[in-house]
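Everything on this sheet refers to the single structure shown next.
The values are calculated or read from the model by the stated rules, or taken from the named source; none is laboratory data. Worth saying up front: this structure is predicted, and the values here are computed from it rather than measured. Note that each Cβ is placed from the backbone with ideal geometry, even for glycine, and that neighbours are counted across all protein chains shown. We work out accessible area using only protein heavy atoms, side chains counted, and drop any ligands, DNA or RNA first. Shrake-Rupley method; radii C 1.70, N 1.55, O 1.52, S 1.80 Å.
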Amino acid sequence: MQTSEKTLMRALAGESLPVPPVWMMRQAGRYLPEYRATRAQAGSFLELCYNPELAAEVTLQPIRRYGFDASILFADILLVPQALGADLWFVEGEGPRLSTITSAEDYAKLKPIEDIHETLAPVYETVRILSRALPQETTLIGFAGAPWTVATYMIAGRGTKDQGPARKLMYGDTGTFDRLMDKISDATAEYLIAQIEAGAEVVKLFDSWAGALPGAVFDKYAVQPARKIIERIHAVHPHVPVIGFPRQAGEKVIPFVEATGVAACGIDTSVDPAWAAKNLQPLTCVQGNLDPMLLVTGGDALVRSVKETAAAFADGPYIFNLGHGITPDADPANVDVMLKALRC
Ligand code: 1CP
């Protein structure tokens, strides 16, 4: 099958389909027993990310089980900081930890952009394996974190509630902050181009903490970096669609879409589907936004929400997805219920 005939690609090209294409953020994850088994075999989360055979295996698991229309490469947004020279480790039950960047001296220790491919080569190999192994109708999505979201982890050294350390550096040492943002942007463009050259058909930029950016700098630190990365990708691969996900950006998704050239915009759980269908869908394909909690609770509420969400977006280009990643306590059987409600 030609890439352009796949349902996800058709939606990204602006077509409204009677049954929307569907995939889930974090579809390869801890809610699946087969994921937990492969992760145990790999040893740790990072060893799984850097083992192409096993990373491809966990990427394929949800495709085998559910037949989603798209498959997202198994990796993590924090591999880019590691490739730039940051120390990275995961604390079991807590989350990621990184060495911090809080001064010009810390920034100066990062590696040059050309060096990132040395660390990231196994990820490109995972993409190559997947592009051979996926069913012909399944689209392969590559991804990276958007510069602001990646910067929040590099500056704080961990996930934070309010991204305070990153906002502090932004105001306190704008020069260092801006240099760090530029470096992450350059590395991200190179990384995504390499994923495309290995076989990714679409790429997605996750700006999970976009909602923490003050309104006055949203354009500078969320919109412009995404616009520049997309421009760099399109200079070499003009037809590869990019999905943006400025999470919790509220109504600022409109200027984000208008200025960046994204082929689709992911919306989080806080966005009212009726508002997005009226204001966002005329501008771009919309992706979202079922509450992941419904995959924990299931039942009539799940079926009703799936049908209501899909109905709200039925008149324009649309990709069914969650408003954020599926959680480890989700019931795998509820994913079948979701797909049945959507497809029948
Ligand atoms: O224990 C485990 O197995 C680790 C859980 C896990 C998984 C399954 C982490 C740690 N990362 C991932 C994979 C992952 N991360 C994917 C793979 C593909 C898929 O979706 O199936 C993707 C796209 C990501 C992206 C990612 N990582 C984001 C952006 C999306 C989002 O969720 O907002 C972010 C913020 C991260 C950082 C990260 N990695 C892992 C955790 C627990 C976190 C969040 C840390 C925090 O803020 O405290």
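Quick notes on this one:
- Segment 3-343: relative contact order in percent, alpha carbon pairs under 8 Å with at least 6 residues between: 20 percent
- Sequence-distant aspartates and glutamates (8 or more away, or on other chains) whose Cα lies within less than 15 Å of K111: D87, D182, D186, E190
- Translational D in µm²/s for segment 3-343 (Stokes-Einstein at 4 °C, 1.567 mPa s, Kirkwood Rh from C-alpha pairs): 64 µm²/s
- Highest average first, the peptides 281-288, 252-259, 201-208 ordered by how many other beta carbon atoms sit within 10 Å of their residues are 201-208, 281-288, 252-259.
- Of interest is the spacing of the C-alpha centroids, which for segment 281-344 and segment 1-37 amounts to 12 Å.
- Taking 7 Å steps out from each Cα toward its Cβ at L283 and E53 produces label points 4.7 nm apart.
- Most mobile listed residue (D329, D182, D69) in the chain, GNM with C-alpha springs under 10 Å: D329
- Look at where the Cα atoms of segment 50-91 and of segment 97-161 average out, and the two centres are 11 Å apart.
- Reachable lysines from K204, criterion Cα separation under 16 angstrom, eight or more residues apart if same chain: K228
- Accessible surface of R10, taken over heavy atoms with a 1.4 Å probe and every protein chain present, rounds to 80 Å².
- Computed from label points 7 Å out along Cα-Cβ, the spacing between K307 and A259 is 4.1 nm.
- DSSP bridge analysis restricted to segment 3-343 gives an antiparallel fraction near 15%, rounded to the nearest 5.
- Each label was represented as a point 7 Å from its Cα along the Cα-to-Cβ direction; for A108 and A341 these points are 5.7 nm apart.
- Seen from V223, the other residues with C-beta closer than 13 Å to its C-beta sum to a net charge of 0, counting Lys and Arg as +1 and Asp and Glu as -1.
- Taken one residue at a time, the phi angles of segment 234-241 give Karplus couplings (6.51, -1.76, 1.60, θ = phi - 60°) of 6, 5, 9, 9, x, 9, 7, x Hz. Gly and Pro are set to x.
- Overall Cα dimensions of segment 1-120, principal axis frame, Å, largest first: 55, 34, 24
- Largest GNM mean-square fluctuation among A146, A333, A312, using the chain with Cα springs under 10 Å: A333.
- With θ taken as phi - 60° and the Karplus curve 6.51 cos²θ - 1.76 cosθ + 1.60 applied, the whole-hertz 3J(HN,Hα) list for segment 210-227 is 4, x, 8, 6, x, x, 5, 10, 4, 5, 5, 10, 10, 6, 5, x, 5, 4 Hz, x standing for glycine and proline.
- The H on the amide N of F245, modeled in the peptide plane, is under 5 Å from the matching H of L205, D207, G266, each at least 5 residues off or on a different chain.
- Neighbour cut-off at most 11 other Cβ (10 Å), DSSP loop, GluC sites (Glu not before Pro), segment 94-161: E94
- Using θ = phi - 60° and Karplus 6.51 cos²θ - 1.76 cosθ + 1.60, couplings along segment 67-75 (whole Hz; Gly, Pro as x): x, 4, 7, 9, 10, 10, 2, 8, 6
- Of the cross-linked pairs K168/K252; K6/K252; K161/K340, those separated by over 24 Å at the C-alpha level are K6/K252; K161/K340.
- In the elastic network of the chain, a GNM with C-alpha springs shorter than 10 Å, the most mobile of W275, W209, W89 is W275.
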